[in-house]
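The values are calculated or read from the model by the stated rules, or taken from the named source; none is laboratory data. Model, not experiment: these values are computed from the prediction. Cβ placement follows ideal geometry from the backbone for every residue including glycine, while neighbour counts extend to all protein chains displayed. Please note that ligands, DNA and RNA were not included when accessible areas were found on the heavy atoms of the full protein model with its side chains. Shrake-Rupley method; radii C 1.70, N 1.55, O 1.52, S 1.80 Å.
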Amino acid sequence: MHDNYERIAEQVLGRVQQRVRGQAEVFISDSQEMKVDVAEKKVENMLVAQERGLGLRVIAGQRLGYAFTSDLSNFALERVVEQAIYNAKESEPDSGWELPLPSGGYPVMKLYDDETFAVSVDEKIELARNIEESARAFDARVRITERSVYQEAKYRVSIFNSLGLNGSFLGSYCGGYAVVVGQENGDSQTGFGMQYDLKYKELNAQKIGREAAEKAVRMLGAQKIASAHLPVVLDPYTVTSFFSVLQTAFSAEAVMKGKSFFEGQEQKQVANPQVTIIDDGAMPYKLGSMPFDGEGMTTRQTVLIKDGWLQGFLHSNYTAKKFGVSSTGNGVRGSFKSTPEVGITNFYISEGTSTKEQIIKEITKGLYITDVMGMHTANPVSGDFSLGVSGLLIENGELTRPVKGIAVAGNLKELLMDIDAVGNQVVFYVTKGAPVLRIKALSISGD
Amino acid sequence: MDKKEINEILKVALRHGADFAELFWEHKETTAIGCEENRIERILSGIDEGAGIRVIYDSSSSYAYTNDVTTKRLLEVAELAGKAAQKRERFPESISFYTPKAALEFPVKIPPQDVKIEAKTKKVLAANNAARQVDKRIRQVSVGYQDVRQNVTIANSEGVFVEDLRTRTRLSVNAVATENSIVQTGYNSAGGVMGFEFFDENDPETIGENAAKRAVLMLSAQNAPTGRMPVVMASLAGGTMIHEACGHGLEADLVQKKLSVYANKIGEQVASQLVTVIDDGLIPGKYGSFRYDDEGCPAQKTTLIEKGILKEYMYDYQTATHENRKSTGNGRRESYHSRPLPRMRNTYIVPGTMNADGIVKEVKDGLLVMAMGGGQVNTTTGDYVFDVAEGYIIKDGEVQYPVRGATLTGNGPETLQLVEMIGSDFGYAIGVCGKAGQGVPVADAQPTIAVKELIVGGRGDSQKRDTKIRRL
């Protein structure tokens, strides 16, 4: 990883200033990744990657232009400057475009794990093998390994703007996952287990493998059930898969553009009083944490829903200006190829008071959902969803048999109000965390 | 990069002992324009250049990529990839390169880089204005334009050397309509392997209007029903169903790992006799077309299912080599970031002979799908879902009223056996297909078809209960 990025940024900012009056921002990322897939104890695929790139935001005459390049040669940098300026000229003016001022220092955060990169590649391959072995050992019906994976990455993010803002940090993560297939009487079912962490020594291969195996075998022999309106329990992973849709509703940009079902609902009750939802980019040891967001604003904790009441929205510098508030540090950047957009950091539903057992015990007939299909087809604007689901039937307070091939439909806005029990343990999947949730009832389509 | 340098890089990649080495170099330039709130909000342009080196030994592969594409760095990367797949010693001779002949050319009439941004923003604004004029209940319109020019060089240790330029253009419109507390959206998009001449055949106004009309229509729609019922899918709806119900399950990597319900079924009846399914990379201008795949293999037209009999899977180099056969030209990748995998191109059900209007007439109680959204499949079980973006209730052979909020669920092999009628019409839809984290542009198509029954996952009453209530 180069350390001449500051010099490159200065050059680029200087070239912009020579051509136009306005503000400019250079974002540079540099990352290295390693990933190894194991199946049947053999390394099937290994990936070694290195990527860096620069994105340039120019605001001239309140018009925004953006250009990026992975080529950091003089020639390419010159072109990026020209393109960003040209693109700004062709956009329409908007008073909201303004770059953040220097913040006067960022908090020091632990985002990098030396140990991850001190461990040998062979040991990491062994970790992937151990995940597989643990899955296979759990149950003889686990017969196919789709993949058992170890993955790690380190990255440096640097940001510089013409107002003097300047920040840089080094981060890393590591993790493993397995997808395995259980087979019995001609039926095949897949199961999935994963863990991602900042610290290498936290990785538990045994647990990842066991989780994948357990999920695969418990689904064997799954059948449809008849259409019904039933109480539903969502496991933590299923809850987090709803976040891709739910996060839109909390985006101030979506609110501004009439694309959030929380528009006009501030300081109103939007969820059951047991529900508290938080976004926190400064959470220690979590993978969505960073000292500053994709435009250099300091990250922080933002309580979005407190005891069922909507507290506010997530903001970038742009939306904050439009709303007359301060940014929540949620100007998130996917990569150097895109502009900062309102997004989530570490996003979770806080724990409640019930144990998973209690939550299930109170149901005479219901469905425990462990997997959903088609979440990307849900409508984030209206909150409507209709999903293929599988899981376990609940009868008289017990999980009885596996169920698949059915669909559930509902609306996310209504679902938040209909939550009637919240589990007492939050489970994080990478940057998203949730406890078990119980929903009063959902419409289930089956036979 | 010249052939001599590439030769050196491949030799370094092979020198730790390997069966195969490949270089994939890419230089991609994109322009993206976003319009929202009735104005051009964002214009992005970018350059992404990089190279990936793949080394295969036996059934192990290693892949290393970098976007520092100096020869020095590429030699280091080749060494890295070669070492990761190392086994037995091999000191390769120089490779004599040849370029296989493409089956078809896709000439680009107007390269997008020759078109001024103003001309592009004009098309975007035209789509925006047309959408907003559809109805005063249209609250928001988002228009996205993108053109991509991807230059690739693909060379491997078997001597394949291919240079290609792929040009793609697309336009998408998302409209939001509101009335009282109801919010609905409508989406429409079109795209092709074309330059700016894309707009000669694809009118931005029509794309905008279609999205807006759908959003407005859905405001007055009722909740879709719940339960099992006959489903008619109009040709206009495109082919998401066939993509999910059988396409993915016919990709050879999944088949070989026994992660597909279609594994070991070549020559068997896997669908109704009416069903013939083709995956074709050679349809001029279509979004999933290309001259060469991402391994340098010329694109082909591959018949997967013929009159219900499973004929062929989709192969890339590695899966084909595993079975000692030739690739079908389905080796695709999103970019130099990824190794290739067997992927679909333009996948479709071949039209039959029935009049499309006649098909609806045959259905007593059912659902008509006029537009499909996205979908997903678990190839191991064959269970799939797809979203109905525009649906109608059919009663006694007549189209009744629109419904919203439905996903259809089925099992691939079961659904294909239940195809009862196939129309003589034909319609396309485009999309970005995701697999193993890689997105590739695809198209899918079908005639109007009727499936005996699928599970409709709406929020409305179940049909059974509905009938009961009426009887009372």
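For chain A, what does the alpha-carbon gyration tensor say about shape, rounded, prolate or oblate, given a ≥ b ≥ c as the root eigenvalues, a/c under 1.5 as rounded, and a/b over b/c as prolate? Taking the square roots of the gyration eigenvalues as a ≥ b ≥ c, chain A is oblate. Projected label points at A:R401 and A:F75, each 7 Å from Cα along the beta carbon direction, are separated by 6.9 nanometres. In whole Hz, what ³J(HN,Hα) sequence does the stretch A:287-297 give by Karplus (6.51, -1.76, 1.60; θ = phi - 60°), x for Gly and Pro? For the stretch A:287-297, the Karplus curve yields 6, x, 8, 6, x, 9, 7, x, 10, x, 7 Hz. Ordered from largest to smallest accessible area (heavy atoms of protein chains, 1.4 Å probe), the residues A:E6, A:E351, B:E244 come out as A:E351, A:E6, B:E244.
Pairs from the table (A:K257/B:K28; B:K28/B:K257; A:K268/A:K322) lying more than 25 angstrom apart at Cα are A:K257/B:K28; B:K28/B:K257.
Ignoring aspartates and glutamates fewer than eight residues from A:K224 along the same chain, the ones with Cα atoms less than 12 angstrom from its Cα are A:D447, B:D383. All C-alpha to C-alpha distances of the stretch B:223-471, sorted into 5 Å bins beginning at zero, yield P(r) values of 1, 7, 14, 19, 19, 15, 11, 7, 4, 2, 1, 0, 0 percent in whole numbers. Residues within the reach of a label modelled at B:K109 (point 7 angstrom out along Cα to beta-carbon, backbone nitrogen below 18 Å), restricted to the stretch B:199-232, are B:199-206. Between A:Y285 and B:T353, what FRET efficiency follows from the Cβ-Cβ distance if R0 is 45 Å, with the result rounded to 0.05? Step by step, r from the Cβ atoms, then E = 0.10. Partner shielding of A:182-192 amounts to 2, given as the average count of beta-carbon atoms from other chains within 10 Å of each residue beta-carbon. Exposure check, 1.4 Å probe, all protein chains in place: A:T353 carries approximately 120 Å² of accessible surface.
Short version: which residues of the stretch B:65-79 lose at least 50 Å² of accessible area, all chains versus chain alone, 1.4 Å probe? So the qualifying set is B:Y65, B:N67.
With no solvent and one point on each alpha carbon, what is the Debye value of log10 I(q)/I(0) for the protein assembly as shown at q = 0.09, 0.11 Å⁻¹? Taken in order of the listed q values, log10 I(q)/I(0) reads -1.00, -1.68. Sorted from longest to shortest, the spans of the Cα atoms of the stretch B:61-172 along the three principal axes equal 72, 30, 24 Å.
Which angle between 0 and 90 degrees, to the nearest 10, do you get for helix A:5-19 versus the longest principal axis of chain A when only C-alpha atoms count? With rounding to tens, the tilt is 60 degrees. Annotation: chain B has a Kirkwood hydrodynamic radius of 23.8 angstrom, from the mean reciprocal C-alpha pair distance. Angle of helix B:71-84 to the longest C-alpha principal axis of chain B, folded into 0 to 90 degrees and rounded to 10: 80°. Per-residue SASA remark: A:R63, around 80 Å² accessible (1.4 Å probe; ligands, DNA and RNA not included).
Each listed q (0.10 Å⁻¹) maps to a log10 I(q)/I(0) for the stretch A:287-372, found by the Debye formula over equal Cα scatterers with no solvent: -0.40. Distance from the alpha carbon centroid of the stretch B:1-27 to that of the stretch A:218-285 works out to 48 angstrom. Using a cut-off of 23 Å between Cα atoms, the listed pairs B:K265/B:K364; A:K201/B:K83; A:K306/A:K432; A:K42/B:K72 include B:K265/B:K364; A:K201/B:K83; A:K42/B:K72 as exceeding that distance.
I want to verify the translational diffusion coefficient of the stretch A:114-218 in µm²/s; compute it with Stokes-Einstein, Rh as the Kirkwood radius over Cα pairs, at 37 °C and 0.692 mPa s.
218 µm²/s
Apolar share of the accessible surface for chain A: 47 percent from carbon plus sulfur atoms, 1.4 Å probe. Out of every Cα-Cα pair in the stretch B:3-220, what percent are more than 26 Å apart? In whole percent, the long-distance tail amounts to 53.
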